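Bear in mind these aren't lab numbers, they're just calculated from the coordinates by the rules spelled out. Because the structure is predicted, anything quoted here is derived from the model rather than measured. Virtual Cβ from ideal backbone geometry, glycine too; neighbours counted across all protein chains shown.
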């Protein structure tokens with residue numbers, strides 16, 4: 001039954017993608033979504049919604065861009081019908097917002113011009129749900145030797161492309177990529193070592209909340225509270241187990257970077273803090289732990305500009321000095337954690353009490369089996385830990401813990417410079433810092449080469465956010481276009497000629513030499529007037545190409561309508577006013593659907609006969625065929641005679657023979673008045689007017705005899 005429910009919505013989501021792939025556009029997509037990123041998850045607000053920014057690039061002329069959202073599977077969200085995202089976007093960049101209820105969506109955008117779709121794009125997955133930052137030590141970070149199971153639901157995600165385990169960068173991470181949590185993941189950015197219990201917890205939360213869940217893991221194995229607080233103060237700090245010195249500002253810096261960057265861009269519900277085992281082993285005093293955890297919380301709030309991110313603090317102390325030593329708990333550490341939770345006005349929420357959970361742990365400290373091969377034991381322990389977190393993150397938590405909202409994406413603009421050789425890309429002033437993909441650090445940059453440009457901006461507190469993307473598919477100044485139909489061209493008077501250029505990403509305007517007013521726009525122009533024409537391209541930033549080489553067009557004079565007249569008793573002919581065109585005539589007889597090409601046509605039956613003139617014009621081996629308008633006239637057959645010889649008397653060099661019916665094997669014999677044969681001729685089929693040369697004959701009377709199958713006629717003619 002489940003499949004009957006989901007199939008209609010799956011089909012609807014697939015239709016969005018198929019509609020895109022089946023639409024023919026230029027090789028460069030006319031419109032492309034650049035933000036959100038595939039499978040990104042935004043923190044929902046207190047009423048379960050989130051207004052997210054949708055931005056992208058375009059290279060076509062449009063009136064507006066529309067957006068809609070469809071749940072990936074029925075029940076995983078609420079449809080948002082088509083609505084305007086932005087009217088009249090400029091400079092190759094569009095941006096706007098759409099409000100979504102918590103869910104898992106396919107987003108589609110479309111560009112419209114005069115009500116017609118001129119481009120569209122689809123982002124197949126984006127979510128509005130829950131975002132958590134994980135911090136603490138190894139029971140939060142996870143162990144690589146005990147990877148933990150993959151999430152079952154596609155909506156349980158992590159950031160996969162930022163590894164700060166081996167490098168310990170203090171700079172902003174790269175733009176994030178999102179993936180489903182799996183058992184063989186590399187790094188749960190920035191430092192998580194495995195899926196651990198988080199894939200299990202994610203599945204539980206997704207089943208409970210029906211929204212996607214994102215985990216960002218900043219935990220660091222073996223860290224004590226002193227390491228976190230000292231690094232937050234910028235002090236050098238040493239690991240209590242091995243005595244090595246942590247990299248500058250680590251481990252705290254990863255938490256700060258995650259909150260300032262990921263939390264600022266996508267929002268966050270809470271920090272899941274699970275730490276205390278090291279302090280339990282080394283017997284950290286309660287007051288020291290309490291004060292330093294409080295300091296870390298305060299410091300993070302200060303370094304994010306006063307953002308109050310809730311800390312869900314697990315009560316954790318169970319540990320062991322070695323895998324063969326029995327584990328123990330340290331109530332002093334739990335008391336310190338509770339003291340922070342009980343401090344008035346603290347942004348805290350009580351996490352799970354983990355000490356009673358799995359007291360017989362495989363190594364005495366971690367939620368694992370007896371060995372790396374004891375996968376069943378590890379899975380059982382991790383399920384218990386995940387369930388404890390899930391019970392903590394219940395209805396009361398989601399109704400009382402306010403989420404941190406994402407920061408608005410700064411508006412970006414791009415315009416061609418006056419010199420027509422570069423594009424200025426501008427972000428709003430007022431940010432503390434700007435760092436462009438080019439390395440430049442001002443609110444405005446000037447670029448001339450093809451590339452993708454974006455910036456990371458920061459507020460006074462150091463919270464960062466990525467700008468929208470500006471894409472130059474080619475250099476700033478468009479390439480000089482080339483008209484495909486070069487040289488001289490021609491067209492008939494009652495038609496147009498189409499000039500064209502190879503369809504690219506520029507907007508083309510066509511001109512007639514001598515005029516500065518565009519006569520057409522687009523990759524093709526239909527022209528109906530003689531002249532010389534050129535085209536120039538303009539990109540979406542306003543930069544203009546050089547004029548193309550011109551091509552000329554000759555529009556041929558309109559061919560006059562033929563005049564039909566009788567040419568004999570059984571035939572008609574046509575002529576036009578023009579001379580020297582070597583025209584042909586296309587005749588249509590009564591009750592026929594095909595044309596007959598002839599100068600003279602026999603009247604086979606009474607009815608309407610029509611014709612039009614056909615003329616071929618040759619211009620540099622370019623042959624053009626034009627036609628006159630059609631003329632029609634009604635004619636009747638000659639019922640009185642079967643064969644007629646005319647003119648009689650003759651008027652010039654020729655006399656003509658016509659028969660009403662076709663005569664096979666016709667023999668024509670000319671006699672003088674004494675019966676002597678003057679000339680003979682024959683034709684296999686007498687089906688049209690036959691011409692007889694009498695120009696050499698003496699004046700006088702003659703006899704013509706016409707014979708053939710079924711016919712015999714003798715007639716006297718007079719030659720003058």
Legend entry - Cα convex hull volume per residue for segment 34-188 (Å³): 146 Å³
Legend entry - Extension gain, residue 375 back to residue 715 (0.36 nm per residue minus Cα-Cα distance, nm): 110.4 nm
Inset, instruction - Please give the length that would be gained between residue 145 and residue 698 if that part of the chain were fully extended, namely 0.36 nm times their separation in residues minus their C-alpha to C-alpha distance (nm, one decimal). - result: 186.6 nm
Legend entry - Cα gyration tensor of segment 643-719 - equivalent ellipsoid semi-axes, whole Å, descending: 20, 13, 10
Inset, instruction - Starting from the coordinates of the alpha-carbon atoms of segment 129-367, obtain the Kirkwood hydrodynamic radius over all distinct pairs and give the value in Å to one decimal. - result: 17.7 Å
Inset, instruction - Over the Cα atoms of segment 464-509, compute the convex hull volume and normalise it per residue, giving Å³. - result: 108 Å³
Inset, instruction - Would you calculate the separation in nanometres between label points at residue 653 and residue 494, each defined as 7 Å from the Cα along the Cα-to-beta-carbon direction? - result: 3.6 nm
Legend entry - Alpha-carbon gyration tensor eigenvalues x 5, square-rooted, for segment 343-411, Å: 34, 17, 11
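Can you tell me the mean projection area, over all orientations, of the convex hull of segment 563-635's alpha carbons? Units nm², please.
Directional mean of the projected Cα hull area for segment 563-635 stands at 5.2 nm².
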Legend entry - Spacing of the two label points (7 Å from each Cα toward its C-beta) at residue 691 and residue 49, in nm: 9.0 nm
Legend entry - Rg(Cα)/(2.2 N^0.38 Å) for segment 377-530, N = residue count: 1.86
Legend entry - Relative contact order of the chain, pairs being alpha-carbon contacts under 8 Å that are 6 or more residues apart, as %: 8 percent
Inset, instruction - List the relative contact order of segment 563-635 as a percent without decimals, with contacts defined as Cα pairs under 8 Å and 6+ residues apart. - result: 29 percent
Inset, instruction - Quote the FRET efficiency, to the nearest 0.05, computed for residue 636 versus residue 449 with a Förster distance R0 of 60 Å and r equal to the Cβ-Cβ distance. - result: 0.15
Inset, instruction - Please work out the C-alpha center-to-center distance from segment 596-630 to segment 191-206 and express it in whole Å. - result: 82 Å
Legend entry - Which labelled figure in (1) 1.66; (2) 1.22; (3) 1.40 is Cα Rg over 2.2 N^0.38 Å, once derived from the coordinates: (1)
Legend entry - Computed log₁₀ I(q)/I(0) - Debye formula, equal Cα scatterers, no solvent, segment 488-555, q 0.27 Å⁻¹: -1.26
Legend entry - Angle between the chain longest axis and helix 286-303 axis [Cα atoms, degrees, rounded to 10]: 30 degrees
Legend entry - segment 271-313: Cα Rg divided by the 2.2 N^0.38 Å rule of thumb: 1.28
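Can you give the extra length, in nm with one decimal, that the chain gains between residue 667 and residue 236 once fully stretched, where that is 0.36 nm per residue apart less the Cα-Cα distance? Let's see the in-between values first.
Details: separation 431, 0.36 × 431 = 155.16 nm, distance 12.47 nm.
Roughly 142.7 nm would be gained on extension.
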Inset, instruction - Please report how far the C-alpha centroid of segment 115-190 lies from that of segment 669-688, rounded to the nearest whole angstrom. - result: 103 Å
Legend entry - Principal axis box of segment 413-472, alpha-carbon based, largest edge first, Å: 38, 19, 16
Legend entry - Inter-centroid distance (Cα atoms) of segment 265-298 relative to segment 640-668, Å: 121 Å
Inset, instruction - Give the share of C-alpha pairs in each 5 angstrom bin for segment 136-238, from 0 to the last occupied bin, in whole percents, shortest bins first. - result: 2, 13, 22, 22, 17, 12, 7, 3, 1
Inset, instruction - Between residue 326 and residue 174, with labels modelled 7 Å along Cα→Cβ, what's the label distance in nm to one decimal, could you check? - result: 5.0 nm
Legend entry - Cα-based Rg / Dmax (Å) for segment 31-126: 13.1, 40
